[in-house]
Amino acid sequence: MTDVLIIGSGGAGLVAAISAKESGASVKVVGKSFPTRSQTSMAQGGINAVMANVKEDSVRAHIADTMKSAQGLADESSVKRLCEEAIASIEWLDRIGLPFSRTKEGKIAQRQLGGASSIRACYAQDYTGLKILHTLYDQACKMGIEFINEYFLLNLIIEDESVSGATFLDIKTGEIKQLEAKSVIIATGGYSRIYNSFSTNSTSATGDGLAVALRAGAKLSDLEFVQFHPTGLKNSSILISESARGAGGHLLNAQKQRFTDELAPRDILARAIEEEIQKGGEVYLDIRHLGEAFIDKELPQERKLAIAYEGVDPVVDIIPIKPVAHYTMGGIDVNEDTMSCINGLFVAGESANNKIHGANRLGGNSLLELVVFGRHAGERAATYSKSSSTICRNTQQFQDDTQALKKIKNYTSEQNFYAKKEYLGSAFYTKAGIKRNEEDLSSLLAEVQEIKKNLSLMGPSDKTKIYNTNLTEFLEFSNVLEISEVLLVGALARKESRGAHFREDMPNKDDENFKAHTLISKNKGSLCVEFTN
Ligand SMILES: Cc1cc2nc3c(=O)[nH]c(=O)nc-3n(C[C@H](O)[C@H](O)[C@H](O)COP(=O)(O)OP(=O)(O)OC[C@H]3O[C@@H](n4cnc5c(N)ncnc54)[C@H](O)[C@@H]3O)c2cc1C
């Protein structure tokens, strides 16, 4: 029986795997795609740490910036851990071979990102996430860590309130598989793809791990906090990194004039841009004054993306942009040991709520979370598994999932779930996006519940077994619906505005009633909401 089963092979899953293996545990990493295709590869701007290689900085300032941006919803001791362990995390990445960009003196290069009081984000050109992911994967392979790719997580196996494994759909063969383990780490990423094409995220960010954990009895917290990145490309939503503004890029309105502080936190900027767009105008990012040599050296990917997906060359053109869903602050609720309320179930990365981002994440702190809290999750899971006497006797989940899959294959496809997914993405963008109100949120919740009710009319039309992507996309859509409902219930319950959650009908912060985390669980099929500190 495996000691630590890790579900998700992005940055968080790989860090947790390396750390669990270093702690002496046997480790398996399972993913629905291949490790090097995980969304972490898309991260561009950088990873925060007070190296002070370019400008004076302090850990105290990093903590203060993170707390300020979180708007009262971060846990100070967790933030302290994040910031205090940042330098050692960068040194570790450097040691295992991450090709960071360098200063003239050979130190790790750093750049400024929004909301940071100093120049703090370490980077590798604008391919930081890609290089982190590949370095971690190389390291995991060198350590002999076992990978099982193209397995889609279906459910957790729970016995006596403890996790003892999980069930999967083997995408290659269409078979249901059961993997047994003494502890499980969910590292399946976030849920920004609820906003479908109005998101910078990879198509895999469908909140699968969150939906699975909720069904198994875990609690989800703060799902209403969704970060909108100010600079998605207007037509494709592809991200133009904050590093472009950090380097001195300007935001221009329809009159081609600057209208805001480009390095303000993302929630404030997203609202400022949305207001300009609502006035009927276009908004642009202008980096022409940085010059071709600088752009090609420091922002080569941004130039390529703008040319390929927007048809503009940032060296000579201004870039049309709009804010889009980018990062989900909410996740599976965990304690300071990264464990959920289910014994032996740990969580890492964007699928966790470690209470460090609160109402608004700072750019560069997510990659840092993967490393700092991913390492803790790996160590804690390894320790837990040593003292666990769990033996998986439960084959009921396997049988239930086999039956459930057969049932789904018998669903009709008289309604098209792809069309519903597209419709919902756009409805979420307008009704549960940068600005929200009670009426819009309630009507959207009713729509989500109606679609859920009719799911058996929108089944996959492909009934084959091998590589049935129509089936896996349907399973992702079912998870999106479950998580959408939790997001909306949370957004309705939070009757105030805070950070990324902006209620037009309640525009003020209400510390007396809502300086607390929204905690949502499922009881006999119904969602229960409470607020906790
Ligand atoms: C365009 C872009 C740029 C960004 N830039 C930065 C930046 O500069 N700095 C920063 O700090 N942050 C940045 N972020 C955020 C950061 O990259 C992510 O938060 C982080 O990479 C998430 O890592 P993760 O390991 O938690 O999840 P992911 O990398 O998303 O990995 C999730 C893994 O889970 C697997 N999985 C999902 N569902 C299932 C399932 N049902 N069954 C089995 N496996 C499953 C996936 O296949 C994948 O392997 C950026 C994000 C984007 C989208």
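The values are calculated or read from the model by the stated rules, or taken from the named source; none is laboratory data. Here the structure is a predicted model, which means the values were calculated and not measured. Counting neighbours? That spans all protein chains shown, and the Cβs are built from the backbone with ideal geometry, glycine included. For accessibility, only protein heavy atoms count, side chains too; no ligands or nucleic acids. Shrake-Rupley method; radii C 1.70, N 1.55, O 1.52, S 1.80 Å.
List of remarks:
- If the condition is being within 16 Å of the ligand (Cβ to nearest atom) and either open to solvent by 10 Å² or more (accessible area, probe 1.4 Å) or farther than 14 Å from LYS107 by Cβ (or both), then segment 44-72 contributes GLN44, GLY45, GLY46, ILE47, ASN48, VAL50, MET51, HIS62, ASP65, THR66, SER69, ALA70.
- Pairing each residue of segment 22-38 that is in a strand (DSSP E or B) with any residue that is away from the ligand (no atom under 12 Å from the Cβ) and at pLDDT 95 or above, provided the two are 6+ apart or on different chains, yields C-beta distances under 6 Å for VAL27/VAL4; VAL27/ALA20; VAL27/LYS21; VAL27/ILE145; LYS28/THR2; LYS28/GLU146.
One line per residue, one yes/no per condition, for (1) touching a helix residue (DSSP H, G or I) at 6+ places or on another chain (Cβ under 6 Å); (2) open to solvent by 10 Å² or more (accessible area, probe 1.4 Å); (3) in a loop (DSSP other than H, G, I, E, B):
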| position | (1), (2), (3) |
| --- | --- |
| ASN335 | no, yes, yes |
| CYS341 | no, yes, yes |
| LYS355 | yes, yes, yes |
| ASN360 | yes, no, yes |
| GLY363 | no, no, yes |
| LEU367 | no, yes, no |
| GLY374 | yes, no, no |
| ARG380 | no, yes, no |
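- Selection status of LEU210, part of a helix (DSSP H, G or I) and near the ligand (Cβ under 10 Å from one of its atoms): yes
- Residue selected from segment 20-38 under the condition surrounded by fewer than 24 Cβ atoms within 10 Å (Cβ to Cβ) and among the polar types (S, T, N, Q), by the criterion nearest to the ligand (Cβ to nearest atom): SER33
- None of LEU345, LEU305 is open to solvent by 10 Å² or more (accessible area, probe 1.4 Å) and of a type outside the set (Phe, Trp, Tyr) except LEU305.
- Qualifying positions in segment 251-282 - aliphatic (A, V, I, L, M) and part of a helix (DSSP H, G or I): ILE268, LEU269, ALA270, ALA272, ILE273, ILE277
- Scanning segment 382-423 for residues that are in a loop (DSSP other than H, G, I, E, B) and open to solvent by less than 80 Å² (accessible area, probe 1.4 Å) turns up SER388, THR390, CYS392, ASN394, THR395, TYR411, THR412, SER413, GLN415.
- In segment 343-353, the residues that are closer than 23 Å to LYS182 by Cβ and either assigned to a strand (DSSP E or B) or within 12 Å of the ligand (Cβ to nearest atom) (or both): ASN343, LEU345, PHE346, VAL347, ALA348, GLY349, SER351, ALA352
- Residue, least open to solvent (accessible area, probe 1.4 Å), within segment 308-333, restricted to residues that are part of a loop (DSSP other than H, G, I, E, B) and closer than 12 Å to ILE240 by Cβ: PRO314
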